[in-house]
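Q: Below you will find the structure I want to go over with you.
The values are calculated or read from the model by the stated rules, or taken from the named source; none is laboratory data. Since we're looking at a predicted model, the values are computed, not measured. No Cβ is skipped: glycine too gets one built from the backbone with ideal geometry, and neighbour counts run over all protein chains shown. The area values use the complete protein model at the heavy-atom level, side chains included, leaving out ligands, DNA and RNA. Shrake-Rupley method; radii C 1.70, N 1.55, O 1.52, S 1.80 Å.
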Amino acid sequence: MAVREPTPYAGPGPGGRQRRANVLGLIVPSVANPFWGVFARELEAEATRAGYQLQLCNGERDPAREQRYLRQLLSEGHRGIVLCSSPLDLASLVPFIRRGAVVVTADRVAVADDPPGTMNVSVDNASGQQLAVAHLAGLGHRRIAFVTASIPAVSLVDRLAGFRAAAGHVGLAPGEITVWPSRGRIPFGDTSLVELGRLAAHELLAGRPEDPTAFVCVNDMCALGVCRGALELGYGIPGDVSVVGFDDILLAGLARPALTTIRQPMRQIAARAFRLLREGLDDAGPPRTRTELLLPELVVRESTAAPRAS
């Protein structure tokens, strides 16, 4: 499908004043996931300190909806935009960049086919999976499931690849790991992640010898759903099943049991994204391609323990 060309940036208004040039756009998947609400707050704090305002858009991981927001933001003179859906392909951004948009993608690393001028900020997802798998293997777990979702996103692809590599690094055989995708049975969205995890627990925990004793989840909302599903089936956490999330949202520490997770340095990610955006807006030369990668941290709480001897 052809990409509609965005309206060019209108430039200075009457009297030389910039037409709402101090407004930045932020397109997140959905603030229904607390991770994105916190990211928006941190980015807004960075923008406010520098005299900018932030316009928040919920893209719902819908490419057509995201492009409508991009057209609207650029037509209103908002050249600086942070996009957080981590799409596999950034070709749709090319017309906007040609018209003067400065785009930073958050929660996404650069890939080979990215167009020139795109900037990326992300946590090292593979490193996060290494921390999670090494923690569980160190506790003695040998049957570990990875619960993800069917969505074409660079961040999810990286986390799955990182999990597989980490499992091999600690000596787990292919038959000892399970990758559970939703296979389209639950439409993926940031409001369905808990149900996604709950369904995974119900399908993978059936009292069989080969059932996993630990779960690594694509994010905290999914991990909380796995905990809920396991408890519904009568499994204790962490007595029977251990669970590790990813993100370290506020709910992770408030849950009972409190969730062991991989913490993303949210404030630093927002600060780096804003810095790249400012540099791109101030740069008079051709757009430059840049990527910033930050390291995650393992936060051990109550949802992980050694497996039962039986």
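Q: May I ask you to compute the full-extension gain from Asp282 to Leu250, defined as 0.36 nm times their residue separation minus their alpha-carbon distance, rounded to one decimal in nm?
A: Length difference between fully extended and current span is 8.0 nm.
Q: On a 0 to 90 degree scale, rounded to 10, what angle separates helix 63-75 from the longest Cα axis of the chain?
A: On a 0 to 90 degree scale, this one is about 30.
Q: I'd like the orientation of helix 125-139 relative to the chain: the angle between its Cα long axis and the longest Cα principal axis, in ° from 0 to 90, rounded to 10.
A: Once rounded, one gets 20 degrees.
Q: Right, something else. Could you bin all the Cα-Cα distances of region 213-296 into 10 Å bins starting at 0 and give me the percent of pairs in each, rounded to whole numbers?
A: Spelled out bin by bin, region 213-296 gives 16, 35, 19, 16, 10, 3, 0 percent.
Q: Enumerate the whole-percent occupancy of each 10 Å bin, from 0 to the last occupied one, for all C-alpha pair distances of region 47-126.
A: 16, 53, 28, 3
Q: What is the angle, in °, between the Cα long axis of helix 34-49 and the longest principal axis of the Cα atoms in the chain? Nearest 10 is fine, range 0 to 90.
A: The two axes meet at around 30 degrees.
Q: Using R₀ = 41 Å, calculate the FRET efficiency as 1/(1 + (r/R₀)^6) where r is the Cβ-Cβ separation of Leu56 and Arg308; round to 0.05.
A: After rounding, the FRET efficiency stands at 0.35.
Q: Based on the alpha carbons, how large is the Rg to Rh ratio for the chain when Rh follows Kirkwood?
A: 1.03
Q: Take every Cα-Cα pair in region 95-224 and report what % of them are more than 17 Å apart.
A: 62
Q: Tally up the carbon and sulfur contribution to the accessible surface of the chain as a whole percent, 1.4 Å probe, everything protein left in place.
A: After summing per-atom areas, the C and S share lands at 53 percent.
Q: Where in region 93-161 are there trypsin sites (Lys or Arg not before Pro) that are in a DSSP coil and have at most 12 other Cβ atoms within 10 angstrom of their Cβ?
A: none
Q: Follow-up. Helix-only mean residue ellipticity at 222 nm, the chain, DSSP H runs n ≥ 4 weighted -39,500 (n - 2.57), per residue, nearest 500. What is it?
A: Helices in the chain give a 222 nm mean residue ellipticity of -11500 deg cm²/dmol.
Q: Cα convex hull of region 159-310: mean projected area in nm², to one decimal?
A: Mean projected area for region 159-310: 11.4 nm², to one decimal.
Q: Right, something else. Antiparallel DSSP bridges in region 72-194: what percent, to the nearest 5?
A: That works out to approximately 10 percent antiparallel.
Q: If you take every DSSP beta bridge whose two residues both sit in the chain, what share of them, in percent to the nearest 5, is antiparallel?
A: Around 15 percent antiparallel, to the nearest 5.
Q: How big is region 105-149 by Rg and Dmax over its Cα atoms, in Å?
A: So, for region 105-149, Rg and Dmax equal 15.2, 46 Å respectively.
Q: Going by average Cβ density within 10 Å per residue, which order do the peptides 162-173, 77-88 take, highest to lowest?
A: Ranked by mean Cβ neighbours within 10 Å, highest first: 77-88, 162-173.
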